[in-house]
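Input: a single structure, listed below in structure tokens.
What follows draws every value from the coordinates through simple rules; no lab data is involved. Just so you know, these numbers come straight off a predicted model, no measurement behind them. Don't worry about glycine lacking a Cβ; one is built from the backbone with ideal geometry, like all the others, and counts go over all protein chains shown.
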Amino acid sequence: MNEEAARLFAAALAIGIGGLGPGLGIGILASKAMEAIGRNPEAAGKVQVSMLIAMGFTEAIAIYALVIALIIKFV
């Protein structure tokens, strides 16, 4: 395997694994938020704000993985 193929494989692996975790995390987070809103509709505002903040932090991990993959590929 030459160097270019190894870099492409490493970049694909970085974004693949780096996107899997946040994807599962956001899915579980949204599921639990919907359960909480279903059980206590009066708290929907607080739950939504907390959910959106947590989704932002979770999505940041995927963006970091993308940056690492781009660094591996182009640098």
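Things worth noting here:
- Of all residues in the range 14-33 being among the aliphatic types (A, V, I, L, M) and surrounded by 13 or more Cβ atoms within 10 Å (Cβ to Cβ), the one that is nearest to the chain's Cα centre (by Cα): I26
- The number of residues in the range 36-66 being closer than 15 Å to G25 by Cα and polar (S, T, N, Q) comes to 2.
- Residue within the range 7-26 that is among the β-branched types (V, I, T) and closer than 16 Å to A69 by Cβ present: yes
- Taking the criterion of being assigned to a helix (DSSP H, G or I), of a type in the set (S, T, N, Q) and surrounded by fewer than 14 Cβ atoms within 10 Å (Cβ to Cβ), the only residue of the range 34-75 that qualifies is Q48.
- Which listed residue, of R7, R39, is of a type in the set (K, R) and in contact (Cβ under 8 Å) with a residue 40 or more places away in the chain: R7
- Criterion: touching a residue at least 12 places away in the same chain (Cβ under 8 Å) and touching a Leu at 6+ places or on another chain (Cβ under 6 Å) - qualifying residue of A62, A33, A54: A54
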